[in-house]
1. Name the residues whose placed amide hydrogens come within less than 5 Å of the amide hydrogen of residue 188, ignoring near sequence neighbours (fewer than 5 apart) on the same chain.
2. Relative to the present Cα-Cα distance, how much length would full extension add between residue 143 and residue 234 at 0.36 nm per residue of separation?
3. How much length is gained on full extension from residue 208 to residue 316, taking 0.36 nm per residue of separation minus their Cα-Cα distance?
4. Using the Cα centre as the reference, give the magnitude of the dipole from point charges on the C-beta atoms of region 91-311 (Lys, Arg: +1; Asp, Glu: -1; all else neutral), rounded to the nearest 20 debye.
Amino acid sequence: MEVASTPEREAAVTISGLHPDLLKHILHLLDGAALAAIGSTATEFRDASGDQMLWRRLVNESWPATSETELHRLIASTPGGFRAFYADSCPLVSADSVLPAPEGPQPSPVDLVSIVDVRHRGRIIFSKVLYGVPLPESGEDPQRVEDWFLDSPFRIDALDTKDDPPVISVAGGDCTGDEVRRRLAEDVQMSWIVLDLTRGRAVNLTSWTPLEVERYWYSDLEYQIKFGTVLPLERECIYCAVSVRCGGCEEGELKVREIAMTMEDVEGRNLLGRESMDIFGRALGSVRRKGEEVLKRKYAEFLRTRSENKERKAKRDKRIDMACVLSG
């Protein structure tokens, strides 16, 4: 009995006849989303799309800091290797899904790796890998130093005083005015991925494009480019604040002075290291979402709620002060 030919059968026959090297060349032309999608079609594509070298290339192209030799080894040793790393890091944490309870114990600061890349007009101007959360140099017992970190306001500085400061060129050489802010918002992109070596999971904690650009509070020639993400908890949202501060215009160039991450609640309080480690543990197992529209809407809501809370507190304090005056 002759089996009827179908487009699907003909496609399968055609694909199976491709030379493996040609098939691999085709897959090398795809981005991560297309590579993951095609892996669910024909068996040949599924097998070839699991090639770690393909995913390693995509990871290195997307986040150049991952080209560092030791980090390569660490990513390759995690469950799922480069493919799992890409799947964890490419989509953002969903800003409208409550973070789940952390799986297992709270991450340790020494087990977290920060992978930071900053681009200006598509060109990498800063790439760095930080192994462990930087702790102050001290002759004290390491456990006491870690305890100090956990009980202090959380902060990671990616740009060290020993690093050559990256520069951002300003069109026309004028470093003042709203046009500069607009240019910075359009031209600067960033990623800050945190990899937990214990779980072998990663999470990207910053928007690709700025959430806002504002003048730094003490100088008209200093700008703060705000990235990050909003992390919903059961009763409130936390803002993982990632910022690039630049200024000191010289010959039409702004020098990057600071690249840092902090955690803030809706009242503006900086979370402690211990609280932030809990947030990291939750974020590693969170729902991911492509696109930044929801994140930017949630960020605007976060700022609005913070402003309303601040206004209510000011009115309450004013009433208390008035009551004290009247009571003599």
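1. Distant-sequence amide H within range of residue 188: 121.
2. Values: separation 91, 0.36 × 91 = 32.76 nm, distance 3.13 nm.
Length gained, residue 143 through residue 234: 29.6 nm.
3. Working: separation 108, 0.36 × 108 = 38.88 nm, distance 3.87 nm.
Taking 0.36 nm per residue and subtracting the Cα distance, the gain is 35.0 nm.
4. Values: 30 positive and 40 negative charges, 159 e Å.
Result for region 91-311 is approximately 760 debye, rounded to the nearest 20.
Every read-out reported here was derived from the displayed coordinates using simple, explicitly stated rules and does not represent laboratory data. Quantities reported herein were computed from a predicted structural model and do not represent experimental measurements. Here Cβ is always computed from backbone atoms with ideal geometry, including for glycine, and neighbour counts include all displayed protein chains.
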